[in-house]
Amino acid sequence: MSETIQTLLSEERRFAPSPEFAAQANANDPAIYERADADYEAWWKGWADQLDWFEPYHTVCEFKAPNAKWFLGGKLNAAYNCVDRHAERTPDKRAIVFEGEPGDSRTITYRELKDEVSRFANALMQLGVERGDRVCIYMPMVPELAIAMLACARIGAAHSVVFGGFSADSLQERTNDAQCKVIVTADGGWRRGSIVPLKRTVDEALEKGCPSVHKVIVLERIGPDATNPVAMVSGRDIWWSEIVSVQSTDCPCASMDSEDLLYILYTSGSTGKPKGITHTTGGYLTGTMATSKLALDLKDDDLHFCTADCGWVTGHSYIVYGPMACGATVLMYEGAPDTPEKDRFWRIIEKHRATILYTAPTAIRAFMKWGAEYPRRCDLSSLRLLGSVGEPINPEAWIWYQEEIGGGRCPVIDTWWQTETGAMMITPLPGITETKPGSATRTFPGISARIYNEEGMDITPADGSRHEVGGFLVLDRPWPSMTRGIFNDPDRFEKTYWSKFPGRYFAGDGAKLDEDGYFWLLGRVDDIMLVAGHNISTMEVESALVSHPAVAEAAVIGKTHELKGQAIAAFVILRSDHRHDGDPAHLVNEIKAHVAHKIGPIARPDDVFITAELPKTRSGKIMRRLLRDVAEGRALGDTTTLADPNVVASLKDKYESTE
Ligand code: WT7
């Protein structure tokens, strides 16, 4: 890690916004930072007042850590703000431009979106969904996913979107935790030319037991296919088209309190059980709208291409709620970046003339590896801004992104935030901020971030006495889009985020602050891994491993990976009563498949090392640093020798004698 920090901090390259970009940018006056800092409540009020409220709020903010409330007393509706008000003013403007993986394309205007959202909202009500209920959405990246989210918002039900790559077990756990009444799914989705059998996974989850679920709505995305049989359970399962076709396009927007629950989104926690992160209505819309306008520099004529799936917070905040609160046009792509060829994103940008691209470092590193010939054969001249999110971006990937994708003319914004923060917290403003490759730069106006040390001291240098510091990243002022807590678990919320530094929000990330006051994010400091930008806890993979009949004990670490940022490496001790056919490679593959089946393909370990012992400290804590050295090939040079189960044990001896 210290090597990484040194490379990062020796980064000398600087990129100031071009005068042309600055001149047209939504934010180009550096004084907004001071103005926002001087009175952050007034700053956020200015943004909230750009939303349409049914009834005005009387108080901007009430905060007593860990509980925040914003825009108290105000009544509004997220679907009204993201759909209806644009359907009135700009009915023919495109809301969604959709590109399916097989090459099908569709455009939905704001007027059409309003009709579709209303009809689906009526369908949900017909199935008994009421204000305050939860609805699980387990769908491919098709417009109906956004329609389902907005339909929930319209009637005051909270959605819980579960990423389509998650397994039946994960879906079951999330559905039960949120007590969802209905699951919205599809017969499947396309991914790398194959069908993702979503409905079958829903069936599996329901067979395992989801007592709160009464109805399942199934969108026909794939159609009849011999390899993808779809069984409809009578009385429980309904086709989307059947129930929607009989609905009216009239559906009033529920008048929701600013603090009413808009959605739950599950994220990995270091104790293994996923946390249901909650977001409410007024503050969340305010934060996502403000950051969409100032950081993404979203304008009326933009076509915004965010490559995230709506199963993650990036899709919630920067495909659906933020851009649509601004009345923008978003591009939704269903499939993989290398299908049919490794130029798919560039073909999409060329075809639809996308102007903003918001993607992840793991994708950028894959594009680099595939080679510049793919973007070079496409016309990317429509692009004007590039964004990155999900994990630290290494300077080389940043520079490649800027040169090969941005043609050297587009600003790059590296945006740091979390499911819990709802919206971007640390990001350049592309018309103002001079960027440094690898740094997320400064806090968004109105946000305050500090660096604390292990002893709980704020070590952020006072203004005017700039010097470099490193430690834990802490947010010390409330902001409108902050999570209001973990669904049904206030104690865990307090413990996870608010107790390490009492009264301050502890993000779980390490960071450096340089002499110019720029933040350099260094990754997680807890047991969360960032695998291809996705948050997975070591503990949840360990639980999946020990649920395999051959595994007695397991330890998991994230090892550095060239493309994925981190890859999962697992060390397992086999049960003594376990019988196998003698080929350890066979068992290793079976264990990997078992984890993928339990959690989802994203959690499949790259390596499974069979060992006789796990290195533990005297107090019984697993020595993860040692395992990391082993997995990354440092301790041994050649990890294949690990087939010898005594290796980890002997290494531990060596370590203990040198420590
Ligand atoms: C964790 C949050 C926010 C949407 C995607 C992930 C890491 C996120 C950056 C960045 C360095 C980053 C952090 C954070 N992260 N963006 N620009 N630079 N690290 O959301 O699944 O809630 O994960 O992702 O470690 O804590 P998430």
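Given R0 = 41 Å, the distance between the Cβ atoms of Lys208 and Glu130 translates into a calculated FRET efficiency of 0.95. Rounded to the nearest whole angstrom, the semi-axes of the ellipsoid equivalent to the chain, taken from the Cα gyration tensor as √(5λ), stand at 37, 32, 25, largest first. Using a probe of 1.4 angstrom, how much of the accessible area of the stretch 76-141 is carbon and sulfur, in percent? Ligands and nucleic acids excluded, carbon and sulfur reach 42 percent.
The length gained on full extension between Gln24 and Lys369, counted as 0.36 nm times the residue separation minus their Cα-Cα distance, comes to 120.8 nm. A probe of 1.4 angstrom, applied to the heavy atoms of all protein chains, finds Glu396 with accessible area near 100 square angstrom.
Within straight-line reach of Lys273, meaning a Cα separation under 17 Å, sit the following aspartates and glutamates at least 8 residues removed in sequence or on another chain: Asp169, Glu173, Asp177, Glu420, Asp489, Asp491, Glu494, Asp526, Asp527, Glu540, Glu542.
Look at where the Cα atoms of the stretch 17-41 and of the stretch 551-598 average out, and the two centres are 50 Å apart. Cross-link pairs exceeding 28 Å in C-alpha to C-alpha distance, out of Lys215/Lys275; Lys181/Lys299; Lys436/Lys592; Lys75/Lys181; Lys275/Lys559, comprise Lys181/Lys299; Lys436/Lys592.
Kindly state, to the nearest 0.05, the FRET efficiency for Lys621 paired with Arg192, given R0 = 45 Å and r defined as their beta-carbon distance.
FRET efficiency, Lys621 to Arg192: 0.70.
Shown for the chain are the DSSP H helices of 20 Å or more along their axis, judged by Cα atoms, with a mean Kyte-Doolittle hydropathy of at least -1.0: 110-126, 584-598. Both the radius of gyration and Dmax for the stretch 196-312 are 19.0, 49 Å, in that order, over alpha-carbon atoms.
For the chain, report the accessible area per residue in Å² (1.4 Å probe, heavy atoms, rounded to an integer).
38
Using a 4.7 Å Cβ-Cβ cutoff, the cysteines of the chain lacking any partner cysteine are Cys61, Cys82, Cys152, Cys210, Cys251, Cys253, Cys306, Cys310, Cys326, Cys378, Cys410. Note on Glu434 and Lys495: the extension gain reaches 18.3 nm, defined as 0.36 nm multiplied by sequence separation minus the Cα-Cα distance. Computed FRET efficiency, Cβ-Cβ of Asn589 and Ser547, R0 22 Å: what is it to the nearest 0.05? Step by step, r from the Cβ atoms, then E = 0.85.
In the complete set of protein chains, residue-level accessible area for Lys75 is approximately 50 Å², probe 1.4 angstrom. Here the gap between Ser255 and Asp301, fully extended at 0.36 nm per residue and compared with their Cα-Cα distance, gives a gain of 13.5 nm.
The values are calculated or read from the model by the stated rules, or taken from the named source; none is laboratory data. Bear in mind the structure is a predicted one, so any value in this text is a computation, not a measurement. Methodologically, a virtual Cβ is constructed for each residue, glycine included, from the backbone with ideal geometry; neighbour enumeration extends over all protein chains shown. These area figures cover heavy atoms from the full protein model, side chains too; ligands, DNA and RNA do not enter into them. Shrake-Rupley method; radii C 1.70, N 1.55, O 1.52, S 1.80 Å.
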